[in-house]
Each structure stands twice: as structure tokens, then as C-alpha cells.
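I have placed the structure first, in the form of C-alpha cells, so that the comments after it can refer back to it.
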């Protein structure tokens with residue numbers, strides 16, 4: 001865990017440095033940012049952890065990403081979270097990923113920052129292919145934020 005905290009601190013320092021460099025060239029940040037979430041398993045493997053530990057770390061890093069987006073004025077964030085190839089993961093890993101999606105949706109639903117900042121959350125893609133309980137958690141989150149515009 002100490003190593004993960006260290007890596008998290010390094011990422012924040014890199015982001016602050018990058019922010020300073022970008023602001024020197026052009027002080028405007030993009031309004032819409034798209035990110036492909038990839039590499040959580042490889043990250044865990046390098047640290048000799050189980051794959052789902054990497055996914056869990058990635059979920060926690062996303063929370064920080066949301067804070068950064070707010071701080072830098074990013075109004076819209078698109079995350080590519082789950083490709084068709086991910087359906088071929090080992091069952092244990094797939095099930096854990098689905099649990100992460102459910103947990104993340106429920107956490108966002110309860111997060112006062114989502115509601116205070118009126119953050120609209122939409123899930124796009126082939127949701128119908130996901131397990132019913134994942135679809136239900138995502139639909140509940142979308143419904144709760146559908147009228148938000150932040």
C-alpha cells in the first residue's frame with residue numbers, strides 16, 4: 001500500500017508540473033476530455049498483485065481524476081471503460097470488474113459532490129450486454145442525474 005500511495009503522489013506531482021507547463025504555453029484547458037482506461041492489470045502485474053487490485057486502484061484514481069477535471073475547468077469527461085474483449089476475461093476477474101462498476105455507480109449516487117455540482121452522468125455503449133445488476137445500478141445513477149447540467 002505504501003508503494004501505491006507513493007505512485008499516487010508521483011502522479012499528482014506530474015500533473016501539477018504538466019499543468020504549469022501547459023499554462024505557460026496556453027492557459028486554456030480543453031472543455032471536453034476523453035480517456036481510454038487501460039493498463040490496470042499490467043499495473044497490478046508489475047507490482048505482483050492480483051489483476052483486480054489494479055482495477056481497484058484504477059477506480060480510486062478515477063476519483064482523483066474527477067477532482068482534477070473540476071479544478072482545471074473540464075466540463076465534460078468521456079471514459080472508455082470496457083471493450084468487447086473484456087468479456088473474454090477470466091470469470092473471476094470479469095465478476096470483480098462488474099462489482100467495481102456497481103460499487104462505483106452506487107458511490108457516485110451517494111456522492112454529495114455529484115449532486116452539489118449537478119454533474120450529469122451518462123453511460124454510453126452496449127449496456128444491454130452487461131449483467132442485469134450492473135445495468136440496474138448504472139440506470140439508477142443516470143436517472144438520478146438526468147436533469148443536471150454541471
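Some observations on this one:
- Compared with the alpha-carbon gap, the fully stretched path from residue 127 to residue 31 is longer by 32.0 nm at 0.36 nm per residue.
- With the simple model of a label 7 Å out from the Cα in the direction of the Cβ, residue 135 to residue 98 spans 1.2 nm.
- Extension reserve of the residue 120-residue 142 stretch, reckoned as 0.36 nm per residue once the Cα distance is removed: 7.2 nm
- Computed FRET value (nearest 0.05) for residue 110 with residue 48, which takes r as the C-beta separation and R₀ as 41 Å: 0.80
Any read-out appearing in this document is the output of simple, stated calculations on the displayed coordinates, not a laboratory observation. Predicted, not measured: the structure shown is a model, and the values here were computed from it. Here the Cβ is made from the backbone with ideal geometry for all residues, glycine too, and neighbour counts use every protein chain on show.
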